[in-house]
Structures are given as structure tokens and as C-alpha cells.
1. Does Pro176 satisfy the condition of being more than 10 Å from the ligand (Cβ to nearest atom) and out of contact with any His (no Cβ under 8 Å at 6 or more places or on another chain)?
2. Quick check, is Glu75 at pLDDT below 95, more than 13 Å from Leu57 (Cα to Cα) and not small (Gly, Ala, Ser)?
3. Consider Ser86 against the criteria (1) open to solvent by 10 Å² or more (accessible area, probe 1.4 Å); (2) modelled with pLDDT of 95 or more; (3) of a type outside the set (A, V, I, L, M, F, W, C); (4) more than 16 Å from the ligand (Cβ to nearest atom): it satisfies all of them except one. Which criterion is unmet?
4. Out of the residues in the range 222-241 that are touching a helix residue (DSSP H, G or I) at 6+ places or on another chain (Cβ under 9 Å) and open to solvent by less than 90 Å² (accessible area, probe 1.4 Å), which is farthest from the ligand (Cβ to nearest atom)?
5. Would you say Glu216 is modelled with pLDDT of 95 or more, among the charged types (D, E, K, R), surrounded by fewer than 16 Cβ atoms within 10 Å (Cβ to Cβ) and more than 29 Å from Thr66 (Cα to Cα)?
6. Residue by residue through the range 61-83, note down the ones that are open to solvent by less than 40 Å² (accessible area, probe 1.4 Å) and among the polar types (S, T, N, Q).
7. Given the condition at pLDDT 95 or above, open to solvent by less than 20 Å² (accessible area, probe 1.4 Å) and small (Gly, Ala, Ser), answer yes or no: does some residue in the range 186-199 qualify?
Amino acid sequence: MTDDQLLRYSRHILLPELGIEGQEKLLGSHAVVIGAGGLGSPAALYLATAGVGHITLADGDAVDLTNLQRQVLHETASVGLPKALSGQATIARYNPDIRVTAVQMRAEGALLEDLVAGADVILDCCDNFATRHAVNRACVKLRKPLVSGAAIRFDGQVSVFDLRLPDAPCYHCLFPEGQDLEELRCAVTGVFAPLTGIIGTVQAAEALKLLAGIGESLNGRLLLLEGLTMDWRSIRLTRDPGCPVCGTGAHA
Ligand SMILES: [Zn+2]
């Protein structure tokens with residue numbers, strides 16, 4: 001680490017659980033953030049300020065005026081720009097010490113598999129079930145840890161699917177595809193601005209823990225937040241042996 005890096009990351013280095021060794025792991029890591037919106041904004045910002053050495057930001061949308069209420073990677077002057085580029089520019093201002101790759105496309109198909117294959121951790125910060133299931137399938141196939149978050153109205157949820165572990169449940173075990181509840185979109189139902197910040201920030205914390213190899217992750221637990229009462233609950237998750245994505249006999 002350079003002298004500047006020792007100063008920039010000194011409050012991490014002071015933490016005995018992290019120290020220089022943990023910070024060097026972060027600097028040597030690659031995190032892929034799928035979606036540069038309400039969840040992806042705080043998640044990517046904290047990964048960046050915390051010194052994750054390479055961040056890939058994938059989003060096929062452009063910044064809209066209605067995004068600015070919560071998507072803190074983007075500002076008024078960014079309206080109309082691709083979110084991936086706007087986010088890349090914001091992060092460069094916060095921390096020029098790291099590398100950010102902007103992918104101005106919706107992550108799907110071969111592109112998604114390539115992104116997941118090159119990542120140490122994947123943060124699902126998207127807003128639709130089709131992408132969530134595609135990201136999950138790629139993470140199961142390539143045995144990558146997935147940090148999944150969702151926020152709508154006043155409610156949020158977050159979990160880790162550490163698919164490097166043999167008994168880890170996957171996203172499909174929890175929310176089988178095809179049985180998806182009616183898709184709730186922020187554009188229709190609304191979302192409380194700081195809720196996306198809270199959930200996205202928990203996603204960043206879990207990703208940083210996984211990258212540094214510290215603490216105990218949310219693997220096997222789903223954390224639920226009711227924002228109107230600020231009531232947090234955590235429920236246990238188990239792997240579904242009959243899951244068509246990760247179960248026995250599955251050909252993910
Ligand atoms: Zn599964």
C-alpha cells in the first residue's frame with residue numbers, strides 16, 4: 001500500500017478484524033454490482049470508498065428525473081446519461097484510487113456469465129425477477145457468493161447466498177421462479193428514499209465481509225425490514241433439495 005492508501009483506509013486498518021491484510025484483500029478484489037439504481041447506488045459508493053480495487057457497474061438504463069429522489073450515484077446534471085457512466089464518474093470523484101468498469105447493458109445471457117465469472121462477489125441490486133433469477137443461476141453455476149437485496153414501499157429484505165458452500169440455499173430455493181408474486185415496481189408503487197439506502201448499505205457491508213473473510217455473513221438467513229415501524233426480523237433459510245437450480249440433479 002502507498003502512504004496515501006495507508007491514510008485513506010486508516011480507519012479500516014485500525015479495526016483488528018480487518019487490519020492491513022484485510023484492506024489488501026479488498027484492494028485486490030473485484031465486485032460486480034448489477035443495477036446502478038436505488039440499491040446499487042449506496043452499495044457501489046461504499047464498496048468504492050472502502051477500497052474495493054475493481055468494481056463493475058452494470059445497468060442498461062439512463063438516469064431519469066424520477067430516479068434522483070433515492071439513486072445517490074446520480075445528480076441533477078446526470079439526467080439523460082447512461083446510469084453506468086454516471087455512476088462511474090461519481091465513484092471516480094469519491095475514490096480515484098480504484099478502477100470502475102461501466103457496462104451500459106442489461107446483464108443477461110453470455111454477458112452476465114462473463115461478469116459473474118470474473119467477480120469475487122456479486123451484488124444483485126436490480127429491480128425485476130427475470131434478472132434476479134438469471135443472476136442467481138449464473139452464481140450457482142459458477143459457485144460465486146451473491147448478495148441479494150430488494151426494497152419497495154417501506155419494506156426491504158437482504159440476504160447472502162454463499163454458493164461456494166455446498167449446503168447454501170440459492171435465491172430460487174427461497175423464491176421459486178414462476179411462483180413470483182406480482183412484480184412490484186417502484187415506478188408504480190413508490191419507495192421510501194432512505195429505505196433503498198439502508199438495504200443497499202447492508203448489501204455493501206455483507207459484500208465487504210465476504211471479500212475480507214471476516215465475521216458471519218447472512219448466508220442462510222433472510223433479513224427483513226419494516227420501515228414504518230423500523231422492525232428488523234431475521235428468518236432462517238434452508239436449501240431446497242428439489243430446487244431445479246441448485247438441488248440434486250439440477251443442471252444449472
Ligand atoms: Zn436453490
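1. no
2. Working: at pLDDT below 95: no; more than 13 Å from Leu57 (Cα to Cα): yes; not small (Gly, Ala, Ser): yes.
Spelling it out, it is not the case that Glu75 is at pLDDT below 95, more than 13 Å from Leu57 (Cα to Cα) and not small (Gly, Ala, Ser).
3. (1)
4. Gly227
5. yes
6. Scanning the range 61-83 gives Asn67, Gln71, Ser78.
7. no
Here's the yes/no breakdown for (1) at pLDDT 95 or above; (2) in a strand (DSSP E or B); (3) surrounded by 20 or more Cβ atoms within 10 Å (Cβ to Cβ); (4) acidic (Asp, Glu):
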site: Ala130; (1), (2), (3), (4): no, no, no, no
site: Ala134; (1), (2), (3), (4): yes, no, yes, no
site: Arg137; (1), (2), (3), (4): yes, no, yes, no
site: Lys141; (1), (2), (3), (4): yes, no, no, no
site: Gly149; (1), (2), (3), (4): yes, yes, yes, no
site: Gln157; (1), (2), (3), (4): yes, yes, no, no
site: Phe161; (1), (2), (3), (4): yes, yes, yes, no
site: Arg164; (1), (2), (3), (4): yes, no, no, no
site: Asp167; (1), (2), (3), (4): no, no, no, yes
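The values are calculated or read from the model by the stated rules, or taken from the named source; none is laboratory data. Note that the structure is a prediction, hence the values are computed from the model and not measured. Glycine also receives a Cβ, built like all others from the backbone with ideal geometry; neighbour counts cover every protein chain displayed. Surface areas here come from the heavy atoms of the whole protein model, side chains and all, with no ligands, DNA or RNA. Shrake-Rupley method; radii C 1.70, N 1.55, O 1.52, S 1.80 Å.
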